[in-house]
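Heads up: the structure comes next, in structure tokens.
We did not get these values from a lab; they are worked out from the coordinates using the rules stated. What you see is a predicted model; the values in this text were computed from it and never measured. Please note: Cβ atoms are built from the backbone with ideal geometry, for glycine as well, and neighbour counts cover all protein chains shown.
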Amino acid sequence: MTWARAVVVGSSGGIGGALADALARDGAEVISLARSAAFPADRIDLLDEDSIAAAAARIGAGGPVDLVLVASGVLHGDGRGPERSSRELSADALTRAFAVNATGPALVAKHFLPLLPRRGRATFAALSARVGSISDNQLGGWYGYRASKAALNMLLRTLALELVRTRPDALCVGLHPGTVDTGLSKPFQRGVAPDKLFEPRYAAEQLLSVLAALGPEDNGGCFAWDGERVPA
């Protein structure tokens, strides 16, 4: 499937950059947004709704978009890693995880879903994670990341139900890219089998193939890089 006009939020990251590149190779007009973008017009901060609204207004002035991808996320940083036990929980870390992984993508949806065409195939997707599956959690730990991705999945499901009322051909889904060789996963790659550690380009191409194969019955779901539905 060829996308005409695509927005990638978080294009400065490994997966986001690879998604933007893959879309450009396929002939799409790609609008790349990131907090660290070199030009002010390309900047967006998921912790600042005004910046999200401003980006949507600028892009919307140029016409509709048929694909919006939110490729941002946080797992560790500022001296913090994923919590191994409840003793490591902190309000600040949980608040940041939810702000970046759940609230931010939801606010992007708030301002960018109106840019999707009212008729014809269009998609809003955000990077989620298999660890956000409640029923699949057999190991525990990683409290903030798990909970914020579970919240993201619920937000996407709820957004999908609302979206089809005005844009019946559109989809809103979550995407699990697998373990990709980026800065986010770097500290946690030691136990990953070599054939399960993906290069960003491969992950991006897989995710776009998954999106192209989804149908109306998949709206609101979360799907892995291999097309498998991630359980709720």
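Along the axis of the charge dipole computed for the chain (Cβ charges of +1 for Lys and Arg, -1 for Asp and Glu, origin at the Cα centre), the listed residues 222, 159, 3 are led at the positive end by 159. Of the beta bridges in region 121-232, as assigned by DSSP with both residues counted there, near 10 percent are antiparallel.
For region 63-136, the set of trypsin sites (Lys or Arg not before Pro) satisfying both a DSSP loop assignment and a count of at most 11 other C-beta atoms within 10 Å is given as 84, 119. Remark: the Cα gyration tensor places region 137-204 in the oblate category, a/c being 1.5 or greater and a/b not exceeding b/c.
Is the shape of region 180-232 rounded, prolate or oblate, going by the alpha carbon gyration tensor and its root eigenvalues a ≥ b ≥ c, with a/c under 1.5 for rounded and a/b larger than b/c for prolate?
Details: a/c = 2.75, a/b = 1.96, b/c = 1.40.
Prolate.
Helix check for the chain. Which DSSP H runs span at least 15 Å along their own axis by Cα, with a mean Kyte-Doolittle hydropathy no less than 0.0? Going by DSSP H runs, the hits are 14-25, 49-60, 143-166, 200-213. When +1 charges are put on Lys and Arg Cβ atoms and -1 charges on Asp and Glu Cβ atoms, the dipole computed for region 5-224 relative to its Cα centre reaches about 220 debye. Any idea how far the Cα center of region 200-221 sits from the one of region 131-186, in Å? Rounded to whole Å, the Cα centres lie 13 Å apart. Peptides 18-25, 187-194, ordered by how many other C-beta atoms sit within 10 Å of their residues on average, highest first, read 18-25, 187-194.
Among the DSSP beta bridges whose two residues both lie in region 5-224, what percent are antiparallel, rounded to the nearest 5? Show your work: numbers first, answer last.
Values: 1 of 26 bridges.
The antiparallel proportion sits near 5 percent.
Working note: 222 nm ellipticity from helices only, DSSP H runs with n ≥ 4, each -39,500 (n - 2.57), summed and divided by the residues of the chain, gives -11000 deg cm²/dmol to the nearest 500.
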